[in-house]
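The values are calculated or read from the model by the stated rules, or taken from the named source; none is laboratory data. The model shown is predicted, which means the values in this text are computed figures rather than measured ones. Positions of Cβ are generated from backbone atoms using ideal geometry, with glycine treated the same way; all protein chains shown enter the neighbour counts.
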Amino acid sequence: MNRNYTILLGLVILAALFPVVSSSYITVGLTVLMFTGWASSWNILGGWAGQLSLGHATFVGLGAYFVAIGASQFELAPWWSILIGMAVAGIMALLWGKLTFGLHGPYFTLSTIAIAEMVRLVAINEGWLTGGATGVFIDYLPEPFGIDLFDKTVQYYLMLAYAAITLLITIFISTRKFGYQLKAVRDNEEAAMAAGINPTAIKLKAFVLSAMLTALGGGIYGIFLSFIEPHIIFNLLLSVQIALTVIIGGRGTIWGPAVGAAVLIISGEVFRTVFEQANMLVYGILILVVILAMPKGIVGEYAHRLIRRKYANRA
C-alpha cells in the first residue's frame with residue numbers, strides 16, 4: 001500500500017478531532033481545509049501539468065452560485081446543485097482549454113485572467129440570474145438526516161471530506177499512467193509527443209478534473225458564506241491566493257498544497273493578531289522569503305534535498 005494513503009488516513013483522523021480539541025478556532029481549521037482542497041485541485045493543472053492558471057476563482061464562483069441559485073430560486077438540495085455546478089465547470093474548462101492551450105507560458109496565464117474577468121463581469125451584469133452586485137442569499141437548506149448545514153461544525157467536516165477527496169485523487173494520479181503523462185508534458189512537450197503522448201488531450205483532462213474539483217469546494221464554500229456576491233467570489237485575488245498556496249507548498253507534489261495552506265492561513269491569522277495593521281507587510285515578507293529561499297516550495301525543496309542526500313550517500 002502506498003505510504004501516502006496511510007499518511008492521509010492519519011491526517012484525516014487528526015483533523016476530525018480538531019473541533020473537539022479546539023472549537024474556538026474551527027473557522028481557521030475550515031479555511032485551511034478549504035484552501036487545501038482548492039490548492040490540490042489547482043495543482044493538478046498548475047503543478048502536475050505545468051499550466052499556471054490565475055482563473056480558478058471562476059470555478060469556485062460557479063460552484064457557489066449553483067448552490068445559492070438552486071436553493072433560493074428552485075429549492076434544489078445543495079448536493080444536486082453542486083453536481084450540476086461541477087458538470088458545468090468541467091464543460092467550461094474543456095472549452096476554455098481548447099481555446100487557450102495553443103498559448104504557452106505567460107500568454108496562457110494572461111488568457112486565464114482575461115476569461116475569468118469576462119465571467120466576473122457577466123455575473124455582475126446579469127442580475128436576473130446572479131443577483132448582480134447585490135448578490136444572492138441562502139436562507140434555507142434542507143436538513144438531511146436532521147443535519148443542519150448552516151452549523152459551523154458540519155461545514156468543517158464537509159470541508160474535511162472535500163480536502164481528503166482532492167488529496168486522495170492526487171495520490172491516486174501520482175502512481176498511475178495519467179500522472180506520468182502529466183509530468184512528461186510538463187517537463188518537455190516535444191519529448192512527450194515523441195513518446196506518443198498527446199499534450200493537448202492530457203492538459204484538457206487535467207483542466208477538466210481540476211475545474212470540477214474546484215467547483216466542488218466552491219459549492220461547500222457557498223454554504224459556508226450563505227451570501228454570494230460576484231465581486232467577492234470571482235475576485236482575481238482569490239485565484240492568486242490559490243496559486244500562491246501551491247507555489248509556497250510545492251508545485252507538482254502531493255502534500256505541497258496542504259503545507260502551503262497551513263503555512264499561509266495560520267501565519268496570516270497569527271500576524272493579524274500580533275502585528276495588527278502591519279500584518280500584511282509581515283505576511284508579504286514571509287512569502288517573499290519562502291519563495292527566494294525555497295524556489296521549489298517547502299515540500300518540493302525538502303524532497304529535492306532528500307534525493308540529493310540519497311545519491312550522495314551512495315557515491
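Listing for the model above:
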item: Cβ-Cβ under 8 Å pairs, at least 6 apart or on other chains, segment 252-265 side free of Cβ contacts under 8 Å to residues at least 40 places away in the same chain, far side crowded, with 23+ Cβ neighbours inside 10 Å and not in a loop (DSSP other than H, G, I, E, B); result: V263/I248; V263/G249
item: Those residues of segment 281-304 which are surrounded by fewer than 15 Cβ atoms within 10 Å (Cβ to Cβ) and under 15 Å from G256 (Cα atoms), in sequence order; result: I291, P295
item: The listed residue being without any contact (Cβ under 8 Å) to a residue 12 or more places away in the chain and on the phi < 0 side of the Ramachandran plot, out of A206, A195, A215; result: A195
item: Where a residue in segment 167-183 is more than 20 Å from I7 (Cα to Cα) and touching a residue at least 40 places away in the same chain (Cβ under 8 Å) and its partner, wherever it lies, is of a type in the set (A, V, I, L, M) and buried (at least 17 other Cβ atoms within 10 Å of the Cβ), with Cβ under 7 Å and at least six apart; result: L182/A49; L182/I202; L182/A206
item: Selected residue (criterion: farthest from L52 (Cα to Cα)) from residues of segment 99-108 that are assigned to a helix (DSSP H, G or I) and not polar (S, T, N, Q); result: L99
item: Meets criteria (of a type in the set (D, E, K, R) and more than 19 Å from the chain's Cα centre (by Cα)) for E117; result: no
item: From Y107, Y65, residue being more than 22 Å from A258 (Cα to Cα) and crowded, with 23+ Cβ neighbours inside 10 Å; result: Y65
item: Boolean, A293 is small (G, A, S) and touching a residue at least 24 places away in the same chain (Cβ under 8 Å); result: no
item: W96 being farther than 17 Å from A161 by Cβ and either of a type in the set (V, I, T) or in a helix (DSSP H, G or I) (or both); result: yes
item: In segment 233-280, residue surrounded by the fewest Cβ atoms within 10 Å (Cβ to Cβ) [restricted to those that are among the aromatic types (F, W, Y) and more than 30 Å from I124 (Cβ to Cβ)]; result: F275
item: Long-range neighbours under 6 Å by Cβ, at least six apart or interchain, first residue at pLDDT below 95 and assigned to a loop (DSSP other than H, G, I, E, B) within segment 137-163, second of a type in the set (S, T, N, Q) and surrounded by fewer than 15 Cβ atoms within 10 Å (Cβ to Cβ); result: none
item: Test set (1) surrounded by fewer than 19 Cβ atoms within 10 Å (Cβ to Cβ); (2) more than 21 Å from the chain's Cα centre (by Cα); (3) not in a loop (DSSP other than H, G, I, E, B) - K183 fails condition number; result: (2)
item: Single residue of segment 16-40 satisfying the filter (under 19 Å from L216 (Cβ atoms) and among the polar types (S, T, N, Q)) that is surrounded by the fewest Cβ atoms within 10 Å (Cβ to Cβ); result: T31
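Residue-by-condition table, conditions (1) among the aromatic types (F, W, Y); (2) under 30 Å from G50 (Cβ atoms):
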site	(1), (2)
A68	no, no
P78	no, no
A114	no, yes
V122	no, yes
N125	no, no
F137	yes, no
